[in-house]
Amino acid sequence: RLGAPVMKADGEAKESFVDYVLGNKYAGYVLVILTLTYLLNQVDRYEFSVTKISFVTSVDYGLISGPLFTIIYTLTGVAISYYGSKLNHRLVLAGALIFWSACTALTALSTEFWHVAVARIGQGLGEAGCTPFATKLIADYFPKHVLGTAVSFYNVGIYTGYSLALGLGTFLAGNECGSAHGCCPDPAHAGKQLVCPFSNATCCAGASGACCPDTHPFCVTANGTHSCGTAPDGGNSIGGGGGAVGLGAGASVPTGALEPEGSWQLGYVVFGVAGIAVALLIILTVRSRATSVDEDDAEAEREKLIDAEDGGAAAGAAATWGGDLAVAATHEEPPAVTVKEIAFYWLSSPSLILLCLAGGVRNAGGYVWAYQTEKFFVDYQGVPKDTFSAYMGVIPLIGGSLGALVGGIVSDKLVTRKGSGGEPLGPIARVFVIIASCTLAAPFAAGALALSVPTTGDPTAAPWGFLALIPSNVIGEMWIGVCMTLVIESVPSHLKAVSVAIYLFIISNIGGNMPLLVPVLENMGLNKKEALLILFPGLYALAALCFLVVAVFIRRDISRARALERERLLSGRSSRAARSAAARQLSVNE
């Protein structure tokens, strides 16, 4: 349960996530603001996929929404987290949010493809500064026993942001003729280039309001007859070559009336302005912490021991806004992060590298399904688009969000549960939560591909394929916040931001390029269902095996990270006796 207490290693109950937030309301406020920031990150990213711009072709779209964006986003993430680690994390995050939100809003001013491309690159540069610094702030405000739930709550922004882009973004863009669903049936709009939702096609054919296929995406007019062609009016799509596809007759339409009439720009403006407003909230109301709450507990114990030894007065504490959390006034800033230190730590921590590789495999399965969902159900299975939208507009939002939260809650409870030897299970329990998630979700993912769904040929068929996606999402998405929590716990405090960026770089590039294997497998003779069985539930099962290998090393590496953190905290005093006593006390506390 979200409100159930977890246990300390000595059996004493610690407060639950809910109790912690109720007792530290400002920390809860910060988490909500950071989650809202991540929601906007995802909305702005996916808004591009649901609003079709007439001067952006499908080839252009694939270029700036796929590999190019992923490479820019991940490389910049590593660079900005390295250089930004020396700056105020709150201001770096707010600056990144302002930058990508401005690029989102400026997309609305685009009149040529290169305008959109520049704005999209700007989005990638700005969005790269979100998660590394947001998760570092979360780790500063939330102690280890509720960190998994806090990070998982933050990751709910993925599913709410995606669904908001799909729903509100499409609503704001309409279908370029004032209707929110399907093509415009109004004969007055016949023949104009009205963009069909979720497709590169356009509305055409008068009152029938049909969508042109991607192979003939332009609505052209000849002798009062509207047809789908390969080029706009005035091109070579109709005439002797017979390159047009006739769809019926309608009212006369002026040649060249091809620009969209709707307001695809509105979504970009709304979400861009919202992002700038949230950035101002971060600047004005969110405080950076000099130390994490776990470090504060250790620092307080150290100061008590030092005072006992020196006979001096205890150092005062400076209260943060709201008075909920104290920061030790004597805290010394950690040394600047160096490339050598990052490289040495990562290369000497096999669990970190294996964790990223395993996360990349699991992420790849999700990427493949995200890119192929509509192609499989609508194009391959023949599911009507309104049926598809009804199910897929709800299942990822509720199932994904619930799964992310459940994963964090369960892992937080298990890490402090005692094993057969009387010792707490520790971080390895989080790994087994991920293994269980991947293993149990794989059969349901396979069921989504194999079971019946309503189609145009059989509209009364039971929707078992869609229903199988509910447990696939709830169970399968438990991994996302838990895996990121493991990365955060596996490194010392001053390496958290850059380590999260490296993690995102690895899993995004593995996952983002895996969908390219779908056509490869199809060219080898497999049909789409067979290809997806390999690259969707198959990758889930492979990820479970990869995480089993992670379990071998994770406990040792996290213990090492905590030892380095203790050494850094205890380095503020030269007294060997005080350091020894403080180390013993820290060991007892842990």
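The values are calculated or read from the model by the stated rules, or taken from the named source; none is laboratory data. Since we're looking at a predicted model, the values are computed, not measured. Neighbour counts are summed over all protein chains in view; Cβ atoms, including those assigned to glycine, are modelled from backbone coordinates with ideal geometry.
Looking at region 137-146, can you tell me whether even one residue there is of a type in the set (F, W, Y) and closer than 23 Å to I72 by Cβ?
no
Which condition breaks for T104 when tested against (1) among the polar types (S, T, N, Q); (2) in contact with an Asp or Glu (Cβ under 6 Å, 6 or more places away or on another chain); (3) modelled with pLDDT under 85?
Only one criterion in (1) among the polar types (S, T, N, Q); (2) in contact with an Asp or Glu (Cβ under 6 Å, 6 or more places away or on another chain); (3) modelled with pLDDT under 85 is unmet by T104, namely (3).
Within the set of pairs 6 or more residues apart or between chains, which connect a residue that is of a type in the set (A, V, I, L, M) inside region 262-276 to a residue that is modelled with pLDDT under 90 with Cβ atoms less than 6 Å apart?
L266/L172; V269/A108
Being touching a helix residue (DSSP H, G or I) at 6+ places or on another chain (Cβ under 8 Å) and small (G, A, S) is the filter here, so list the residues in region 400-435 that pass it.
Within region 400-435, G400, S401, G403, A404, G407, G408, S411, G426, A429 meet the criteria.
Of these, A501, A541, A497, A531, which one is part of a helix (DSSP H, G or I) and surrounded by fewer than 21 Cβ atoms within 10 Å (Cβ to Cβ)?
From the options A501, A541, A497, A531, the qualifying one is A541.
Taking helices (runs of 4 or more DSSP H) that fall entirely within region 365-459, which contain at least 3 residues that are crowded, with 20+ Cβ neighbours inside 10 Å and touching a residue at least 40 places away in the same chain (Cβ under 8 Å)?
Qualifying helices (runs of 4 or more DSSP H): 395-415, 428-450.
Yes/no matrix, rows are residues, columns are (1) within 23 Å of T160 (Cβ to Cβ); (2) out of contact with any Pro (no Cβ under 9 Å at 6 or more places or on another chain); (3) at pLDDT 95 or above:
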{"position": "S472", "(1), (2), (3)": "yes, no, yes"}
{"position": "I475", "(1), (2), (3)": "yes, yes, yes"}
{"position": "G481", "(1), (2), (3)": "yes, yes, no"}
{"position": "E489", "(1), (2), (3)": "no, no, no"}
{"position": "S499", "(1), (2), (3)": "no, no, no"}
{"position": "G511", "(1), (2), (3)": "yes, yes, no"}
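Of E127, E112, which residue is surrounded by fewer than 24 Cβ atoms within 10 Å (Cβ to Cβ), over 17 Å from M484 (Cα atoms) and of a type in the set (D, E, K, R)?
Exactly one of E127, E112 is surrounded by fewer than 24 Cβ atoms within 10 Å (Cβ to Cβ), over 17 Å from M484 (Cα atoms) and of a type in the set (D, E, K, R), namely E112.
Return the pairs, sorted by first residue and then second, in which the second residue is surrounded by 11 or more Cβ atoms within 10 Å (Cβ to Cβ), the first residue lies in region 516-531 and is free of Cβ contacts under 8 Å to residues at least 12 places away in the same chain, the beta carbons are less than 7 Å apart, and the residues are 6+ apart or on different chains.
Hits for this filter: E522/K528; E522/A531.
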